[in-house]
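Step one of this worksheet: look at the structure below.
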Amino acid sequence: MRIHTDSNGVAVNAISALASGEDVSGHLYQVLMGSKSLSVEFQHGAVQENGVNGVTNEALLAILIHRTEVLNKRFPCRENSIAITKMQEALMWFDKRTADRQVRGVEGREAA
């Protein structure tokens, strides 16, 4: 299912099932860049039960923050600065969620 196409024609598809029938909704994405493509696979299942098997929201945000900071040094603008702040805020909330789950003793498990 197509979830985004940017102004350059780079498209993102969300993959909901593999040929094996496995439900991967919210875990597997395909980025289409002309004749090239790449897959982005997120952590599937609890780390304590499945090990680390994919990227996290936090890791991708860290990449986006760094990339935007680098670009903003070369091409500074208000929009870049706001985007950096909002991504840093999102990362902070994800980190807070993890800390709260650690306190409750449920981090890395399927439990809420």
Worksheet entry | Rounded percent of accessible protein surface that carbon and sulfur make up, the chain, 1.4 Å probe | 57
Fill in: Selection from 81, 32, 50 lying farthest towards where the dipole of the chain points positive, charges on Cβ
81
Discussion item. Using a 7 Å offset from the Cα along the Cα-to-Cβ direction at both residue 15 and residue 77, what is the distance between the two label points in nm, to one decimal?
Written reply: 3.3
Worksheet item: Mean separation of Cα pairs under 8 Å and 6+ residues apart, divided by the residue count of region 1-93: what relative contact order is that in percent?
Response: 15
Worksheet item: Which value, in Å³ per residue, describes the convex hull spanned by the Cα atoms of the chain?
Response: 134
Worksheet entry | Within the chain, percent of DSSP bridges classed antiparallel, to nearest 5 | 95
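The values are calculated or read from the model by the stated rules, or taken from the named source; none is laboratory data. Here the structure is a predicted model, which means the values were calculated and not measured. Heads up, the Cβs are rebuilt from the backbone with ideal geometry, glycines too, and the neighbour counts pull from every protein chain shown. In case anyone asks, the SASA skips ligands and DNA or RNA and just uses the protein heavy atoms, side chains included. Shrake-Rupley method; radii C 1.70, N 1.55, O 1.52, S 1.80 Å.
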